[in-house]
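The values are calculated or read from the model by the stated rules, or taken from the named source; none is laboratory data. Since this is a predicted model, take the numbers as computed values, not measurements. Cβ atoms come from the backbone with ideal geometry, glycine included; neighbour counts cover every protein chain shown. The area values use the complete protein model at the heavy-atom level, side chains included, leaving out ligands, DNA and RNA. Shrake-Rupley method; radii C 1.70, N 1.55, O 1.52, S 1.80 Å.
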Amino acid sequence: MSIETPQSISKNIVGALAAMTVLAVSVALLFVRWEQGAAAVRFAADDGDIRTVTFADHTRLQLSPGSVVEVTFDETSRRIVLLTGDATFDIGEDRRRPMIVEAGSHRIEDIGTIFNVSRAAASTEISVVSGRVAVSEVAPHWFDRVRRRLAGEPARRKRIVELGGGDSASISADGRLLSRGHVEVTAATWLPEEIRFHDETVAEVARRFNAYTPRPLVIEDPKLAARRISGEFHARDAAAFVNYLGSLPGVAVIHDAEHIRFVAARGAKRP
């Protein structure tokens, strides 16, 4: 039987501490590498103008004057951080990569929804034009990435509120639900009153109207979607634009509970 001397015990302790230190540094470096991920791209609107940005996944982002966002898309998620100001989000659908919008300490998760976010120092204001969103507290980004890699799912977060079309909420910086309400239309007040378009496709113009109406316009007929038009409509009078499209030859309009759909009329001869 061997007996350890105080000197050998000290050496063992030092060796163990050194190994733990190396392990901790390695894990920290691994977390940093995971956290870095794809590089964020910053978009800013000039003080006097609204800026519109459309991404490859068909997400459409409108920034109020002076607003700034950072955008990070990678193989597992899409993330937009509203650094300052107000923005309207028309999210392109990609079920492989959920969309995450962050404003301060708040996280809004969504697929296929149109909503507005206004960030201030003391609170975040959220209003949903159509679809649904879930608002939660933000977890550290490195923890979320590690959880996705190790467990195949995002980190669990404290849910603050769920909002549907027409719902709005004010949330304090520390995660308290300050108020919740419902209105018929929740278009952002800073969006333009008129929609002017010249030689744009019907699909592009319809998406512009969708920031104002609780029932999105869905152009299902590819020929109609690709048709180019010019004109001007009052932005908050989507019905006038719907009537215009419905008057075109070969176009049928279907009103359902959640959408207004445009399809090819049966038996119609298309120009």
Worksheet entry | All positions within segment 214-259 that are under 14 Å from E204 (Cα atoms) and among the acidic types (D, E) | E220, D221, E232
Practice prompt. Just need a number here: residues in segment 222-232 that are exposed (fewer than 15 other Cβ atoms within 10 Å of the Cβ) and either touching a residue at least 24 places away in the same chain (Cβ under 8 Å) or aliphatic (A, V, I, L, M) (or both).
Written response: 6
Worksheet entry | Cβ-Cβ under 7 Å pairs, at least 6 apart or on other chains, segment 56-70 side within 18 Å of G85 (Cβ to Cβ) and open to solvent by less than 20 Å² (accessible area, probe 1.4 Å), far side among the basic types (K, R) and at pLDDT 90 or above | L63/R51
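Conditions tested, residue by residue: (1) free of Cβ contacts under 8 Å to residues at least 24 places away in the same chain; (2) in contact with a Gly (Cβ under 6 Å, 6 or more places away or on another chain); (3) open to solvent by less than 40 Å² (accessible area, probe 1.4 Å).
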| residue | (1), (2), (3) |
| --- | --- |
| S168 | no, yes, yes |
| I171 | no, no, yes |
| G181 | yes, no, yes |
| R207 | no, no, no |
| R215 | no, no, no |
| E220 | no, no, no |
| H234 | no, no, no |
| L248 | no, no, yes |
Item to complete: For V263, state whether it is over 26 Å from A45 (Cα atoms), open to solvent by less than 60 Å² (accessible area, probe 1.4 Å) and among the hydrophobic types (A, V, I, L, M, F, W, C).
Response: yes
Fill in: Whichever residue in segment 71-93 is without any contact (Cβ under 8 Å) to a residue 60 or more places away in the chain and either over 20 Å from A188 (Cβ atoms) or of a type in the set (S, T, N, Q) (or both) and, among such residues, is least open to solvent (accessible area, probe 1.4 Å)
R78
Response to the item:
If you go through E204, E220, E194, the only one that is of a type in the set (D, E, K, R) and within 21 Å of F89 (Cβ to Cβ) is E204
Practice prompt. Check T213 against each of (1) touching a Phe, Trp or Tyr at 6+ places or on another chain (Cβ under 8 Å); (2) within 24 Å of R51 (Cβ to Cβ) and name the one condition it does not meet.
Written response: (1)
Discussion item. Would you confirm, using the coordinates I've provided, whether R215 is over 25 Å from E137 (Cα atoms) and modelled with pLDDT under 95?
Written reply: yes
